[in-house]
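Here the structure is laid out as structure tokens; the discussion comes afterwards.
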Amino acid sequence: MKKSIWMLGLSLVLLITFGINVQAQPKEVTESGTATFYVTAKLLPLGEECLYMSYEAIGVNVGDTGEGLFHNATVRVLGGMTIEKGVYKDERSCGVYNLPNGDKVFFTYRGAGEVKPGGVGIAKGTTTITGGTGKCAGIQGSFESTRYTPSSATAGAGAGLSYTKGNIKFKLP
């Protein structure tokens, strides 16, 4: 009898301990959306058909469902890449989502793509969420996205337009 009470007590302690741990695990959330950007660039020629481009992009993210943590967040990104014969494999950038509630979410991006005459291009890359402020402190995530740069009235003026489509995947603590 004492042995079965002791086993029942131990089972309850283990159940409560592991049950709380499972319940405390953060749930991954996915938000599908589109971010539209106005981009200004600086170009540095590095030889024939080779240049370095640094850029600043500002934009807004709109969630496909019209809601979510990143819906209506503004975005600012600083980045750059080396473009050789219209191809780049080394794009790197850092950025911040400014959420409607005032919190910030920080990220890095790595990508590759191509650019054609007139600035038209497509790129694919990975965004890694590196942290946040307020309710987003401790946020983690990573997602793939595709960026499109259609021809633009501002092409050739050191500025352009682009949009990125992706599924933002993240966990809050």
Original post:
Is region 20-31 home to any residue that is closer than 30 Å to SER151 by Cβ and surrounded by 13 or more Cβ atoms within 10 Å (Cβ to Cβ)?
Top reply: yes
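Residue-wise test of (1) modelled with pLDDT under 95; (2) of a type in the set (D, E, K, R); (3) under 17 Å from the mean Cα position of the chain (by Cα).
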{"position": "SER54", "(1), (2), (3)": "no, no, no"}
{"position": "GLY59", "(1), (2), (3)": "no, no, yes"}
{"position": "ASN72", "(1), (2), (3)": "no, no, yes"}
{"position": "VAL75", "(1), (2), (3)": "no, no, yes"}
{"position": "TYR97", "(1), (2), (3)": "no, no, yes"}
{"position": "ARG110", "(1), (2), (3)": "no, yes, yes"}
{"position": "ILE122", "(1), (2), (3)": "no, no, yes"}
{"position": "THR127", "(1), (2), (3)": "no, no, yes"}
{"position": "ALA155", "(1), (2), (3)": "yes, no, no"}
Subject >> Among (1) surrounded by 14 or more Cβ atoms within 10 Å (Cβ to Cβ); (2) touching a Gly at 6+ places or on another chain (Cβ under 6 Å), the one test that PRO173 misses >> reply: (1)
Original post:
Which of the residues spanning region 74-99 are closer than 17 Å to TYR38 by Cα, surrounded by fewer than 20 Cβ atoms within 10 Å (Cβ to Cβ) and of a type in the set (S, T, N, Q)?
Top reply: THR74, ASN98
Original post:
Out of (1) farther than 23 Å from GLU28 by Cα; (2) modelled with pLDDT under 95; (3) not aromatic (Phe, Trp, Tyr), what's the single condition that is false for GLY80?
Top reply: (2)
Original post:
If you check GLY111, GLY138, which single one turns out to be in contact (Cβ under 8 Å) with a residue 24 or more places away in the chain and surrounded by 13 or more Cβ atoms within 10 Å (Cβ to Cβ)?
Top reply: GLY111
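Out of contact with any Gly (no Cβ under 9 Å at 6 or more places or on another chain), more than 25 Å from ILE168 (Cβ to Cβ) and either modelled with pLDDT of 95 or more or β-branched (Val, Ile, Thr) (or both), is that true of PRO45?
Values: out of contact with any Gly (no Cβ under 9 Å at 6 or more places or on another chain): yes; more than 25 Å from ILE168 (Cβ to Cβ): yes; either modelled with pLDDT of 95 or more or β-branched (Val, Ile, Thr) (or both): yes.
Yes: the conditions hold for PRO45.
The values are calculated or read from the model by the stated rules, or taken from the named source; none is laboratory data. Bear in mind the structure is a predicted one, so any value in this text is a computation, not a measurement. Backbone-built Cβ (ideal geometry, glycine too); neighbour counts: all protein chains shown.
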